[in-house]
Each structure stands twice: as structure tokens, then as C-alpha cells.
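Okay, structure first, notes after.
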Amino acid sequence: MNLLIDSLSSAFQLLLSFDEELFNIVGVSLKVTCASTLIGSLCGLPLGFWIVFASFPGKRLLITCLNTLLALPTVVIGLLVYSFISRRGLFGSMELLYTQQAIIIGQIILITPLLTTLTIAAVSRIDKRYRNTALTLGADRIQMAMVIFWEARFSVIAAIIAAYGRVIAEIGISMMLGGNARGFTRTMTTAMALEYDKGEFTLAVALGLILMGVAFSINMLFHLCQGRLRADDL
């Protein structure tokens with residue numbers, strides 16, 4: 001108990017001192033997670049809409065595969081990407097290994113199936129009458145998709161938040177593809193693991209507090225926007 005209290009006290013002092021190393025780690029984490037979430041959303045959301053609206057052989061099998069990928073361990077993704085970007089890999093000449101770009105690639109692969117399946121679930125819940133009414137009124141497929149998106153907007157935003165929470169808390173991809181290089185690829189989770197191995201808990205606890213603060217802030221912002229949008233609808 002004394003260890004926890006001492007660690008929390010030291011962590012708050014470190015936060016209040018605006019430690020340069022601490023905020024550099026936070027900056028790297030926010031940079032790679034925001035980039036991967038943005039790119040993953042641009043891939044996963046349209047894919048989810050397309051799967052819902054399209055009719056093609058193997059559709060159920062594709063959805064089953066996407067659901068299976070939700071359980072894919074981050075270390076497996078790390079190994080897969082590593083095999084492609086290592087020096088002997090297919091893209092070894094691009095020198096991506098142990099860079100922030102490598103982390104972003106791995107995290108995109110991690111969250112794209114999640115975003116796609118959550119989008120499919122959100123859009124599938126919307127009453128088909130919205131779709132039929134839009135088409136009856138002369139809307140094209142893109143306009144119809146926008147109508148459905150507006151109806152499912154809260155669920156879609158929640159999917160993006162879930163994806164962001166997934167990448168900001170993962171450690172396997174960041175460690176294997178980023179290498180935990182100080183000042184360059186060291187993220188909050190990899191730094192916490194390193195500090196734990198060293199037996200130094202102050203920085204690890206401080207980073208944990210920031211991590212929880214980021215997650216809480218994003219969810220609070222979502223709930224505030226959700227309440228305002230619903231009030232505007234009324």
C-alpha cells in the first residue's frame with residue numbers, strides 16, 4: 001500500500017513539473033494513435049458500409065473472417081508486419097522497421113477489422129425503410145449512404161472511440177515494430193513496461209494516469225457531443 005501511495009505522490013509531482021521526457025512519450029503516443037485511427041477509419045468505415053449494402057458471394061464468410069480477426073493478438077500482427085518490413089522482407093528497402101510509420105501500419109491492421117465490424121453492426125440496425133425512402137425520393141447510393149450514416153452516427157463515433165482506445169492501450173505492436181527507441185518510438189505503454197522491468201514505478205504510474213485521463217476525456221467529449229446533437233434534433 002505504501003508503494004502505491006508513494007508512486008502516486010511521485011507521479012503527480014512529475015506531472016506538475018512538466019517533465020520533458022514524460023511529455024515527449026505522450027506526444028509520440030498521441031501522434032501514432034491519432035494517425036492510425038484516422039487512416040483506419042477511412043478504410044474501415046467505408047468497407048463496413050459497402051459490405052452492408054453490397055450483395056456478393058461469400059459475404060457471410062467475409063463477415064465471419066472479420067469477426068475472427070477481432071481476436072487476433074497484437075504480437076501476431078507485429079510478427080506479420082515485421083516479416084514484410086525487416087531487411088530481408090518484401091519492403092525491407094523502405095527502412096520502415098523501428099519507426100513510427102511501422103507502428104502506425106501495425107495499428108491500422110489491428111483496428112480496421114474492429115471498425116468494419118462495428119460499422120456493419122451499427123448500419124444493420126437502421127430500419128430499411130430509411131434506405132427505401134431515400135431511394136424513392138431520388139437519392140443516389142452515396143446520398144442514401146449519407147442518410148444511413150446520419151442515423152447511425154452515434155454508433156459509428158462510438159466505434160471510432162473504441163478503435164482509438166484499442167490502439168492507445170496496445171503494447172505488442174509498438175514494442176515489436178517501434179523498438180521502444182527513446183525520444184522517437186517510445187510510447188506510453190512501452191515506456192510503462194520498461195519502467196516496470198527496471199523497478200521504477202514513478203514514470204510508469206504517471207503515464208498510466210495520463211493514459212486514463214486521455215481515455216476519460218475522449219469519452220466525456222463524445223457524451224457531450226452526443227447530448228448536444230440529440231438536443232439539436234429535438
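The values are calculated or read from the model by the stated rules, or taken from the named source; none is laboratory data. Computed from a predicted structure; not experimentally measured. Backbone-built Cβ (ideal geometry, glycine too); neighbour counts: all protein chains shown.
Could you please let me know if Gly165 is free of Cβ contacts under 8 Å to residues at least 60 places away in the same chain, of a type in the set (Gly, Ala, Ser), in contact with a helix residue (DSSP H, G or I) (Cβ under 7 Å, 6 or more places away or on another chain) and more than 25 Å from Leu61 (Cα to Cα)? Yes: the conditions hold for Gly165.
Of the residues making up the range 55-85, those that are free of Cβ contacts under 8 Å to residues at least 24 places away in the same chain and part of a loop (DSSP other than H, G, I, E, B) are Ser55, Phe56, Pro57, Gly58, Ala71. Scanning the range 104-133 for residues that are within 30 Å of Thr33 (Cα to Cα) and exposed (fewer than 12 other Cβ atoms within 10 Å of the Cβ) gives a single hit, Arg125.
For Ala162, the criteria (1) crowded, with 22+ Cβ neighbours inside 10 Å; (2) modelled with pLDDT under 95; (3) under 23 Å from Leu69 (Cα atoms) hold in every case but one, which is (1). Hey, any hits in the range 137-147 for a residue that's within 22 Å of Ile120 (Cα to Cα), within 16 Å of the chain's Cα centre (by Cα) and part of a helix (DSSP H, G or I)? Looking for residues that are within 22 Å of Ile120 (Cα to Cα), within 16 Å of the chain's Cα centre (by Cα) and part of a helix (DSSP H, G or I), one finds none in the range 137-147, hence no. Only one entry of Glu20, Glu95 meets the criterion of being charged (D, E, K, R), on the phi > 0 side of the Ramachandran plot and surrounded by fewer than 20 Cβ atoms within 10 Å (Cβ to Cβ), and that entry is Glu95.
If I filter the range 177-192 for residues that are outside any loop (DSSP other than H, G, I, E, B) and either within 17 Å of Ile51 (Cβ to Cβ) or acidic (Asp, Glu) (or both), do I get at least one hit? No: the range 177-192 contains no residue that is outside any loop (DSSP other than H, G, I, E, B) and either within 17 Å of Ile51 (Cβ to Cβ) or acidic (Asp, Glu) (or both).
Given the condition among the hydroxyl-bearing types (Ser, Thr, Tyr), surrounded by fewer than 18 Cβ atoms within 10 Å (Cβ to Cβ) and under 30 Å from Val76 (Cα atoms), answer yes or no: does some residue in the range 134-147 qualify? No - not one qualifying residue is present in the range 134-147. For the range 53-72, the tally of residues that are exposed (fewer than 12 other Cβ atoms within 10 Å of the Cβ) and within 25 Å of Met175 (Cα to Cα) stands at 2. Within the range 91-109, the set of residues being part of a helix (DSSP H, G or I) and modelled with pLDDT under 95 comprises Gly92, Ser93, Met94. Arg88 meets the conditions (1) outside any helix (DSSP H, G or I); (2) under 25 Å from Cys34 (Cβ atoms) in every case but one. The failed one is (2). For Leu47, are the conditions met, namely being part of a helix (DSSP H, G or I) and under 14 Å from the mean Cα position of the chain (by Cα)? So Leu47 fails the test.
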